Amino acid sequence: MDQFFQNVLNSAAYALIGVVMFGLAFVVMDVLTPGKLWDEISEKRNTAAAILIGSVAIAIGIIVAAAIH
């Protein structure tokens with residue numbers, strides 16, 4: 001039973017690391033792109049900006065999954 005809780009704790013830690021990495025990646029992409037990225041996606045409905053952030057999210061997910069594996 002102790003191993004189960006250790007696995008749950010490890011999974012939660014990796015999930016937290018993944019969320020933090022996604023936030024940092026979003027901030028970095030926002031700094032590197034001209035204009036405010038969130039405004040481009042939400043207000044101007046810029047599909048290219050949404051695809052960019054989506055691809056960053058997938059890439060971060062792959063990195064975190066590889067780290068867990």
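Laboratory data are not the source of any read-out in this text; all were calculated from the coordinates shown. Because the structure is predicted, anything quoted here is derived from the model rather than measured. Note that we place each Cβ from the backbone using ideal geometry, even for glycine, and neighbour counts take in every protein chain shown.
For A66 and F4, the FRET efficiency from 1/(1 + (r/R0)^6), where r spans their Cβ atoms and R0 equals 35 Å, is about 0.90. Comparing G23, G54, G35 in a Gaussian network model of the chain (Cα springs below 10 Å), the most mobile by mean-square fluctuation is G35.
Spin-label model, F26 to Y14: label points 7 Å out along the Cα-to-beta-carbon direction sit 2.3 nm apart.
Computed over the chain, the per-residue total of -39500 (n - 2.57) for DSSP H runs of n ≥ 4 gives a 222 nm mean residue ellipticity of -29500 deg cm²/dmol, rounded to 500.
Diffusion of the chain by Stokes-Einstein, at 10 °C in a medium of 1.306 mPa s and with Rh set to the Kirkwood radius over alpha-carbon pairs, works out to 117 µm²/s. Residue exposure proxy: D30, D2, ordered by other Cβ atoms within 10 angstrom of their Cβ from fewest to most, comes out as D2, D30. Just to be sure I understand: with springs between alpha-carbon atoms less than 10 Å apart, which residue in V19, V27, V56 has the highest mean-square fluctuation in the Gaussian network model of the chain? Of V19, V27, V56, the Gaussian network model singles out V27 as fluctuating most.
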